[in-house]
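So the structure is just underneath, and the comments pick up after that.
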Amino acid sequence: MIIASMQETPIVVMGVSGCGKSTVARILSDRMGRPFIEGDDLHPPANVAKMSAGIALTDEDRASWLAQTGEFLGAPHPTSVASCSALRSRYRQRLRDAAARPLIFLYLQVPRSEVVERMSSRPGHFMPISLVDSQFAALEEPCDEPDVVTITGPGTASELADRFLYHVFTMNRAAIDRQAGSAKAFTTPIISSSLD
């Protein structure tokens with residue numbers, strides 16, 4: 001997959017609540033000079049009330065939220081960076097459909113124990129720690145989606161953002177080289193991978 005211009009491709013930082021989506025997305029926003037969209041802010045009040053009460057959202061609850069997030073991502077200018085859980089494959093497809101343009105997803109793969117620790121240290125957030133298990137139950141790992149970059153392993157939010165940018169630009173350059181028949185081209189046509 002070749003991304004014609006990174007400056008024209010919206011980025012969605014995804015994963016379970018507490019994985020660091022918003023922090024990494026803000027860093028990418030700053031480094032790329034793009035507006036940041038906080039997906040949590042786009043939830044309707046009814047969704048926030050349910051989650052605050054410890055009630056997991058249904059697909060119906062998420063429908064308007066995903067549509068609105070996708071519409072923001074699809075706005076032609078300026079290209080944005082968004083945080084959005086996008087836990088299921090069909091949720092990610094709804095974002096693609098609503099945006100009506102190519103997207104890049106950065107999936108932050110974080111173990112449950114680390115998520116619990118992080119959520120315990122952020123009092124006041126509407127997502128209670130009691131919903132951690134429902135988040136992991138809903139999660140569908142993006143294994144076969146070519147526009148998803150998976151990042152695992154330790155690192156600060158800044159380091160994770162750096163790894164993502166390096167990965168995407170390197171793989172994009174390789175894809176362009178392959179298309180041009182360059183002898184320096186990589187042999188694996190990927191944007192989707194796990195970084196250790």
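No lab work stands behind these numbers, since they all come straight from the coordinates. Note that this is a predicted model, so its numbers are computed, not measured. Note: ideal-geometry Cβ built from the backbone for every residue, glycine included; neighbour counts use all protein chains shown.
Under a crude label model (7 Å from the Cα following the beta-carbon direction), how far is residue 36 from residue 53 in nanometres?
For the pair residue 36/residue 53, the computed spacing is 3.1 nm.
If we sort 70-78, 157-165 on the protection proxy, mean other Cβ atoms within 10 Å, highest first, what's the order?
In decreasing order of mean packing, 70-78, 157-165 become 157-165, 70-78.
Rounded to the nearest 0.05, what FRET efficiency is calculated for residue 152 and residue 88 with R0 set to 25 Å and r the Cβ-Cβ distance?
Computed FRET efficiency for residue 152 and residue 88: 0.80.
Between residue 162 and residue 144, 0.36 nm times their residue separation minus their Cα-Cα distance comes to what?
Gain in length upon complete extension: 4.2 nm.
From the backbone phi of segment 47-60, what are the Karplus-calculated ³J(HN,Hα) couplings (6.51 cos²θ - 1.76 cosθ + 1.60, θ = phi - 60°) in whole Hz, Gly and Pro given as x?
Couplings: 5, 4, 5, 5, 5, 4, 8, x, 9, 5, 6, 9, 4, 5 Hz.
Return the distance in nm (one decimal) between the two label points of a simple spin-label model at residue 75 and residue 169, each offset 7 Å from Cα along Cα→Cβ.
2.6
How much length is gained if the chain between residue 67 and residue 8 is pulled fully straight, taking 0.36 nm per residue apart and subtracting their Cα-Cα distance, in nm to one decimal?
Answer, rounded to one decimal: 19.2 nm.
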